[in-house]
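Enquirer: Shown below is the structure under consideration.
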There are 2 protein chains.
Amino acid sequence: MTVVIIGLGLMGGSLAIALNEVGFSQHIIGVDSNPTHCKKALELNLVNEIRTLDDAVIDADMIIVATPVAASIGIIAQVLDKALDQVVVDLGSTKKELCLNFNTHPKRGNYVSAHPIAGTENSGPKAACSNLYKNKKVVVCEKNLSSDQALSVAIEMFNKIGMSTVFMTPDEHDKHLAYISHLSHISSFALGLTVLDLEKDEKNIFNLAGSGFSSTARLAKSSPEMWNAIIAQNKENVLPALDSYINYLRAFRDDIINSNEKELKIKMTNANKIRKIIKE
Amino acid sequence: MTVVIIGLGLMGGSLAIALNEVGFSQHIIGVDSNPTHCKKALELNLVNEIRTLDDAVIDADMIIVATPVAASIGIIAQVLDKALDQVVVDLGSTKKELCLNFNTHPKRGNYVSAHPIAGTENSGPKAACSNLYKNKKVVVCEKNLSSDQALSVAIEMFNKIGMSTVFMTPDEHDKHLAYISHLSHISSFALGLTVLDLEKDEKNIFNLAGSGFSSTARLAKSSPEMWNAIIAQNKENVLPALDSYINYLRAFRDDIINSNEKELKIKMTNANKIRKIIKE
């Protein structure tokens, strides 16, 4: 199978590695608007060749859109307009705006709206890694609007690289992801800024940064372009999640000011229930 | 050398494993007010025997206080009152209140006020692990108040288990730790609570919890008793750190409401500078 991957960053590059490893595709064509990414993707053998989008679509059996979500709508439109029977799968982190845009498109059946719950704080083709998708979930939205053939090929691809599929509406997806992913990123960005401020006055405090700090602040390394677009497209869910988070932090603040150790203990004990979710 | 470890949780238990492994001590006596911890520590061969505090001190060359900080002042006092020439080292996460309490104690020279920057979100003897301290920093406060002999034995111990020493005043220590550790814990506790609230209405969202969420919220599993005491003892530094963090989150919130992507990009790009600290 010839697979075209549009967007050769962490997601697209890691998918290229995985598809090669499991033998799902014999030939991978890369497309990226950034010439440095194209060059790097060839150097790293992520793709067999680089083409323009229009040239790539013609020879493809399957087209993966792995661009930042701000660009995805335009690119999926361009691909679907050119597509004959190719399967088109996007990997974007927000789904509502995307799905709305295509639900009456004449080629909607070719398209599978997916989001692999996988990622790291790194970006670009150099960040691509072999096991990014293994043993992870992938959400597929509006499966009934995809043709049976497109859906089965997309799910087969995700299964082959070790993923299991969860079906959701775009609304459900965007709400849940606001809480369990987008909020974590904002929390890390803000934590990074808070601690960097302190460093302006006090040098070398980072000698002391332990694993707890690294763990909570590592997402502050994430790509601003990518996260600007995700937050903008999921504003309606991100805002209530952020409000709820700020309210809890303010409640902690009040308890600390009032030395209310009893209430702090109740809050921390309740928070411990996260053990049922974070098991490792 | 006979070492007494008071407090057989994550820190004390892991130290016992490390001291055994490097051959620093030939005999380890465990002390813990919790009989279940004592039993478990024996079962896991963390210690050679269990004694009461008073019985243990008599035969010790070195005494490690690895209890939650709320108990440490009382225990260090009890130990120093009984000590002859034993070296007493505490591993607590806050240093100012502790140091203040002992800076005129007649046996202050015996005491080394230390804080290994190492830990996990797990607690109790079962959480003890072999490499907790390896390649980490340990902060030693008020080194000039420790005798040369006590200081050199303590540093030798930390070096042998793979740690390097940083000297700080208790004020500096507590301020820096508020930002790079205590704030991370509060941020995780609040994130855990926010996401657990959502789960009350919407089941199974945790199917989707990815590595980003696990990373930012794992500290929400930490011990409420331990963190209540740390926060209480470091209130004066934790509060400004928390205020600064909430202010950044509110600024993110305002930018999102106003769709101010330019400003969001500036903030996230500044936060990316955390790369110089979190390198892996």
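The values are calculated or read from the model by the stated rules, or taken from the named source; none is laboratory data. Computed from a predicted model, the values in this text were never measured in an experiment. Glycine gets a Cβ as well: all are built from the backbone with ideal geometry, and neighbour counts include every protein chain shown.
Enquirer: Which residue pairs have Cβ atoms closer than 6 Å, lie 6 or more positions apart in sequence or on different chains, and pair a first residue in the range A:165-176 that is under 16 Å from A:Asn144 (Cα atoms) with a second residue that is charged (D, E, K, R) and modelled with pLDDT under 95?
Expert: A:Val166/A:Lys137
Enquirer: Mind listing whichever residues of the range B:259-273 are assigned to a helix (DSSP H, G or I) and either in contact with a strand residue (DSSP E or B) (Cβ under 8 Å, 6 or more places away or on another chain) or not hydroxyl-bearing (Ser, Thr, Tyr) (or both)?
Expert: B:Glu261, B:Lys262, B:Glu263, B:Leu264, B:Lys265, B:Ile266, B:Lys267, B:Met268, B:Asn270, B:Ala271, B:Asn272, B:Lys273
Enquirer: Give all pairs with beta carbons closer than 6 Å in which a residue from the range B:206-231 that is closer than 26 Å to A:Ser223 by Cβ meets a residue that is acidic (Asp, Glu); count only pairs at least 6 apart in sequence or on separate chains.
Expert: B:Arg218/B:Glu121; B:Leu219/B:Glu121
Enquirer: Which of (1) surrounded by fewer than 17 Cβ atoms within 10 Å (Cβ to Cβ); (2) assigned to a loop (DSSP other than H, G, I, E, B) does B:Ala77 not meet, given it meets every other one?
Expert: Result: B:Ala77 fails condition (2) only.
Enquirer: Here are some conditions: (1) under 16 Å from the mean Cα position of the chain (by Cα); (2) modelled with pLDDT of 95 or more. B:Asn144 meets all but one. Which one does it not meet?
Expert: Here B:Asn144 clears every test but (1).
Enquirer: Right, next: Looking at this structure, is B:Ile180 β-branched (Val, Ile, Thr) and assigned by TED's automatic domain parsing to the domain that holds B:Asn131? Steps first, answer last, please.
Expert: On the way: β-branched (Val, Ile, Thr): yes; assigned by TED's automatic domain parsing to the domain that holds B:Asn131: no.
No: the conditions fail for B:Ile180.
Enquirer: For residues that are within 14 Å of another protein chain (Cβ to nearest Cβ) and surrounded by 23 or more Cβ atoms within 10 Å (Cβ to Cβ), tally how many sit in the range B:149-174.
Expert: Count: 2.
Enquirer: Going through A:Pro106, A:Pro68, A:Pro35 one at a time, which residue ends up being surrounded by fewer than 23 Cβ atoms within 10 Å (Cβ to Cβ) and closer than 21 Å to A:Ala118 by Cβ? I'd like the intermediate steps shown before the answer.
Expert: Numbers: A:Pro106 fails: closer than 21 Å to A:Ala118 by Cβ; A:Pro35 fails: closer than 21 Å to A:Ala118 by Cβ.
It is A:Pro68.
Enquirer: Scan A:Ile256, A:Ile186, A:Ile180, A:Ile278 and give me the residue that is β-branched (Val, Ile, Thr), within 7 Å of chain B (Cβ to nearest Cβ), part of a helix (DSSP H, G or I) and touching a Lys or Arg at 6+ places or on another chain (Cβ under 8 Å). Reasoning before the result, please.
Expert: Details: A:Ile186 fails: touching a Lys or Arg at 6+ places or on another chain (Cβ under 8 Å); A:Ile180 fails: touching a Lys or Arg at 6+ places or on another chain (Cβ under 8 Å); A:Ile278 fails: part of a helix (DSSP H, G or I).
On inspection, the qualifying residue turns out to be A:Ile256.
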